[in-house]
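The values are calculated or read from the model by the stated rules, or taken from the named source; none is laboratory data. Everything numeric here is computed off the predicted structure, so don't read it as measured data. All Cβ positions, glycine included, derive from the backbone under ideal geometry; neighbour counts span all protein chains shown.
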Amino acid sequence: MWKIAPLNLGTLDMTMATLISRFGVANDVGRIVPSPLIAWLLTNLEDGRHILVDAGPGPEAERLSAEHNPVSIREDQLLTAALSVHGLKPEDIDTAILTHLHWDHAIGMLYVPNARIYLQKREFLYAVAPLRADHKFYEVCYKDRLPYFLRYYNRLILVDGDTKADEGVALVPLPGHTAGSQGVLVDTPEGKFLLPGDIVNTSENLETGIPGGVFNNTADVWASMEKIQQMIEKEGVTVLPAHDSNVFRKEGRLMSP
Ligand SMILES: [Zn+2]
C-alpha cells in the first residue's frame, strides 16, 4: 500500500483548448488558465520507500517561458524544496516513473540524479523523431543542445505495455496524448488511484468524457478515455488529473505540501 502526495512544481499558462479538446465549437478556446505543474511522491506505507512520478519542468522558468508558454516557479515550487517538505533530497530518489516525455513533466528528471526511470519504450521511440508539430513538446528542435531525455538516457527503464514498477504500482499504457503515454495505478488504503498523465488534465475531462486538447492520435486518445471510464465504473478507481489544482485540497490522503 502507498500514500500519494502531489508536489506543486509551478504554474503554466494553458489555453482552454489545451486543457479540454473543444473541437473549435466553444467560444472560450483561447481563454488562458494558469494550471499547476504536478509531480507525485509515492511513499510505501510498510517500509517508507519512495517513487517519484513525473518531475516537473526543472528550474529554468525564464527560458521555458521564452520557448514555451509563460511558466512561473516560486522558490517553494522547486523540486528540491517540494521534496524537502517530505524530508527528502532529489538524490534520495532511486525509482521514478514518467507518464510521458513532454518537457513540463520530464525536464525535472535531469535533477533527480540517482533515479532509474520507468518509461514506455513507444514514448521514447516517438520522442527521438516526432512529427514536426511535436518538436517543441520534446525540445528536439534546438541546435545548441541535446534533448533533456537523451541526457538521462542511461537511467531509463524502457518497458513495453502493462508492467509492474513495484508491488501495488502498475504501469498502464494510455496512448493518445502522446504515442507512448502511460498511467500509474497505485494501491492505497483508500482503494486504487490512477495518475493518468495529460489525457486527463482536469476533472472536466472526466465529467464530460472529453480528453485534453493535445493528442497525436485520435483513435488512441478515445480508446484510452474509454479504458479510464471502465476503470472508474468497474474497478472503482479514483483518477487524479495531471493539471488540476483541486488535487491539493486536504482531502483523504491528498495534501498540499
Ligand atoms: Zn503532456
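Restricting to the stretch 183-197, name every residue that is away from the ligand (no atom under 12 Å from the Cβ) and either over 18 Å from G236 (Cα atoms) or assigned to a strand (DSSP E or B) (or both). It would help to see each step written out before you state the result.
Going through the stretch 183-197, the residues away from the ligand (no atom under 12 Å from the Cβ) turn out to be 183-195.
Once the filter is applied, which keeps residues that are away from the ligand (no atom under 12 Å from the Cβ) and either over 18 Å from G236 (Cα atoms) or assigned to a strand (DSSP E or B) (or both), the stretch 183-197 yields G183, V184, L185, V186, D187, T188, G191, K192, F193, L194, L195.
For residues that are surrounded by fewer than 24 Cβ atoms within 10 Å (Cβ to Cβ) and either under 17 Å from the mean Cα position of the chain (by Cα) or in contact (Cβ under 8 Å) with a residue 24 or more places away in the chain (or both), tally how many sit in the stretch 191-212. Steps first, please.
Within the stretch 191-212, the subset surrounded by fewer than 24 Cβ atoms within 10 Å (Cβ to Cβ) is 191-194, 202-204, 206-210.
Now narrow it down to the ones that are either under 17 Å from the mean Cα position of the chain (by Cα) or in contact (Cβ under 8 Å) with a residue 24 or more places away in the chain (or both): 191-194, 202-204, 206, 208, 210.
Count: 10.
What pairs can you find where one residue is in the stretch 82-103 and away from the ligand (no atom under 16 Å from the Cβ), the other is at pLDDT below 95, and their Cβ atoms are less than 6 Å apart, with a gap of 6+ or different chains?
A82/P257; V85/P257
All but one of (1) out of contact with any Asp or Glu (no Cβ under 7 Å at 6 or more places or on another chain); (2) assigned to a strand (DSSP E or B) hold for G30; which doesn't?
Only one criterion in (1) out of contact with any Asp or Glu (no Cβ under 7 Å at 6 or more places or on another chain); (2) assigned to a strand (DSSP E or B) is unmet by G30, namely (2).
Considering only the stretch 149-161, I want to know if a residue exists there that is farther than 22 Å from T95 by Cβ and free of Cβ contacts under 8 Å to residues at least 60 places away in the same chain.
Kept after step one, since they are farther than 22 Å from T95 by Cβ, are these residues of the stretch 149-161: none.
No, the stretch 149-161 has no match at all.
Counting only residues that are acidic (D, E) and not in a loop (DSSP other than H, G, I, E, B), which one in the stretch 112-165 is surrounded by the fewest Cβ atoms within 10 Å (Cβ to Cβ)?
Residues of the stretch 112-165 acidic (D, E): 123, 134, 139, 144, 160, 162.
Keeping just the survivors that are not in a loop (DSSP other than H, G, I, E, B) gives 123, 134.
Values: E123: 26, D134: 18.
Applying the filter and picking the extreme gives D134.
Out of V200, V237, V214, V221, which single residue is more than 21 Å from G108 (Cβ to Cβ) and within 13 Å of the ligand (Cβ to nearest atom)? Before you say what the answer is, go through the steps one by one.
Numbers: V200 fails: more than 21 Å from G108 (Cβ to Cβ); V237 fails: within 13 Å of the ligand (Cβ to nearest atom); V214 fails: more than 21 Å from G108 (Cβ to Cβ).
Exactly one residue qualifies, and that residue is V221.
Could you please let me know if K121 is within 18 Å of the chain's Cα centre (by Cα) and within 16 Å of the ligand (Cβ to nearest atom)?
Working: within 18 Å of the chain's Cα centre (by Cα): yes; within 16 Å of the ligand (Cβ to nearest atom): no.
No.
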